[in-house]
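One structure is given below, encoded as structure tokens.
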Amino acid sequence: MPKTNRVKNSEINYDPMTLVETIQQLETENEELRHELWKHKRKPTGKIGYLLLFFGAIALVLSIIYTSYVPAFVGISLTFWGALFLFIKPTKYVKAHLLESTAISTFTNINRIIANMNYKGKGIYLPPQYSKGSKDGKVFIPTKEESTIPPVKEVTQEKLFLENPKGICLTPSGLDLTNMFEYELGADFTKSSLEYLQNSLPKLFIEGLEIAETFEMKKRESTIHVTISNSIYIDFCSEAKILTKNACSSFACPLCSSIACALTRVTGKPVIIKKNSISADRKTMHIYYQILGTIKKVSMPSKPIMRPTGFFLPNLVGLVSATLGSIILAWVGWLTWFDITTWNKDLALIFFGSRTGEAISLGIGVRVIHYLIIGSVLFLSSILLFFRKRKGAHLGD
Amino acid sequence: MQFPLSFSDIILWLAITAIILLATSELISPYYGKTNLLIDKNRLRLAALGVGIVFIVTILVQIYLMTPF
């Protein structure tokens, strides 16, 4: 605990000079407490990695000098874990509530301006043909409550206020987030289908960007129902709902807006946010999008732009385990069959018999039963993980 | 002065490390809920796979060395 000079109410003297001193004292105490709090909240640094590397190197040198096993194992482990800690240290993580603090004021102000200017209509997210570039996007908020889609010519003039129909044309709050989705997935949404979005967004939200725990996108005729649970944007969204009336349907929050932008790109049709609700426990968001017009069918992207390798890794772990398990089990099966048919061995001898001197033993007395166990564990665990992931991902229809 | 660990020792160490890393990378996957671990999980998975692959390669080398051709 820090040394603090707590000031009791009874000690407060209301003389102006004393009050100034008391305030200064309280500020110092406040600063000390803040430092104490930071100490407890601090993020892991790379110091531990360097420390492990240092001691690992010393142990390795000692093991070579004294030709000893124990320091060699200790040294190799410490060096490896030190390097690993430096490799996996968090350099790009920020606290989730920063999102709310940095963006809520701007978002509320935009919505207040829209409300004060009497733009009552729902925000219409316009498809890429209304913008100059495919990475650009526009949301049109009409003055009237009826959804009137402006002509392409009117929007491409880059005017803020449109006359026919009357309304305001803004850059959606989630446009950059949509561009980031495309970058992470290595796909161009304008060349993708809605099915592709339904299958790829859950993986991106849960695993790639880690911004939600579950994600589900369902299509019913021209309505798209998106369910997101435990999203990092849920506090932002609920705060926006409290501060501004109709915030989600006109100039929506970045998350809802980004999905709307993605939907306009894949469908090539204007999209509106019909309804947005948050569950009572503030965990699940339900967003209903309405596609204005029929959905055109577009083929899957033939040439991905770029996809970070990390995105493939979880599947690769399962795939490697399943392949290894299958190979080991197949080999055990073949060996058993060979021993029974050629050498007339019984199963107990095949699985538990010593293989010393053979390559199978690896010089450490490994028997066939060990291969059977390793193969089974690898294969079964990968199958189990596969089903668990499919359940967790909540893929759309 | 020589390095005391033999090839078999390195294989054993690699096997244990690979199992620990693969299991950890799987357990901290976001599919099992938020884990509040402030580390780059993709990089951990990359390291786990790397160590696993190195282990498999060393096993193949060991089998090749012990097979009498």
### Message
If I filter region B:11-20 down to residues being among the aliphatic types (A, V, I, L, M) and facing chain A (nearest Cβ under 8 Å), which single residue comes out as surrounded by the fewest Cβ atoms within 10 Å (Cβ to Cβ)?
### Response
B:Leu12
### Query
Which of the residues that make up region A:219-247 are within 14 Å of A:Arg112 (Cβ to Cβ) and in contact with a Leu (Cβ under 7 Å, 6 or more places away or on another chain)?
none
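Condition first: among the hydrophobic types (A, V, I, L, M, F, W, C) and under 21 Å from A:Ile272 (Cα atoms). Can you find one or more residues in region A:104-112 that meet it? Spell out the reasoning first.
Let us first name the residues in region A:104-112 that are among the hydrophobic types (A, V, I, L, M, F, W, C), namely A:104, A:107, A:110.
Adding the requirement that they be under 21 Å from A:Ile272 (Cα atoms) leaves A:107, A:110.
Yes, the conditions are met somewhere in region A:104-112.
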### Message
For region B:49-59, check the following and say yes or no: at least one residue is modelled with pLDDT of 85 or more, over 19 Å from A:Val366 (Cβ atoms), part of a helix (DSSP H, G or I) and at the interface with chain A (Cβ under 7 Å from one of its Cβ atoms).
### Response
yes
### Message
List the residue pairs whose Cβ atoms are under 7 Å apart, where the first residue sits in region A:64-82 and is without any contact (Cβ under 8 Å) to a residue 40 or more places away in the chain, the second is polar (S, T, N, Q) and assigned to a helix (DSSP H, G or I), and the two are 6 or more positions apart or on different chains.
### Response
A:Pro71/A:Ser63; A:Ala72/A:Ser63; A:Gly75/A:Ser63; A:Phe80/B:Thr17
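Residues are listed down the side, and each one gets a yes or a no for (1) out of contact with any strand residue (DSSP E or B) (no Cβ under 9 Å at 6 or more places or on another chain); (2) at pLDDT below 75; (3) within 30 Å of A:Glu207 (Cβ to Cβ); (4) more than 10 Å from every other protein chain (Cβ to nearest Cβ):
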position: A:Lys303; (1), (2), (3), (4): yes, yes, yes, yes
position: A:Gly310; (1), (2), (3), (4): yes, yes, yes, no
position: A:Leu316; (1), (2), (3), (4): yes, yes, yes, no
position: A:Ile328; (1), (2), (3), (4): yes, no, yes, yes
position: A:Trp337; (1), (2), (3), (4): yes, no, no, yes
position: A:Thr341; (1), (2), (3), (4): yes, no, no, yes
position: A:Ala348; (1), (2), (3), (4): yes, no, no, yes
position: A:Phe351; (1), (2), (3), (4): yes, no, no, yes
position: A:Gly375; (1), (2), (3), (4): yes, no, yes, yes
### Message
Can you tell me how many residues within region A:101-138 are more than 16 Å from A:Ser173 (Cα to Cα) and hydroxyl-bearing (Ser, Thr, Tyr)?
### Response
3
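Out of A:Glu221, A:Glu216, which single residue is on the phi > 0 side of the Ramachandran plot, among the charged types (D, E, K, R) and assigned by TED's automatic domain parsing to the domain that holds A:Ser257?
On the way: A:Glu216 fails: on the phi > 0 side of the Ramachandran plot.
After applying the criteria, what remains is A:Glu221.
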### Query
Can you tell me which residues in region A:123-136 are at pLDDT 85 or above and assigned to a loop (DSSP other than H, G, I, E, B)?
A:Gly123, A:Pro127
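The values are calculated or read from the model by the stated rules, or taken from the named source; none is laboratory data. In this text the structure is predicted, and so the values were computed from the model without any measurement. Here Cβ is always computed from backbone atoms with ideal geometry, including for glycine, and neighbour counts include all displayed protein chains.
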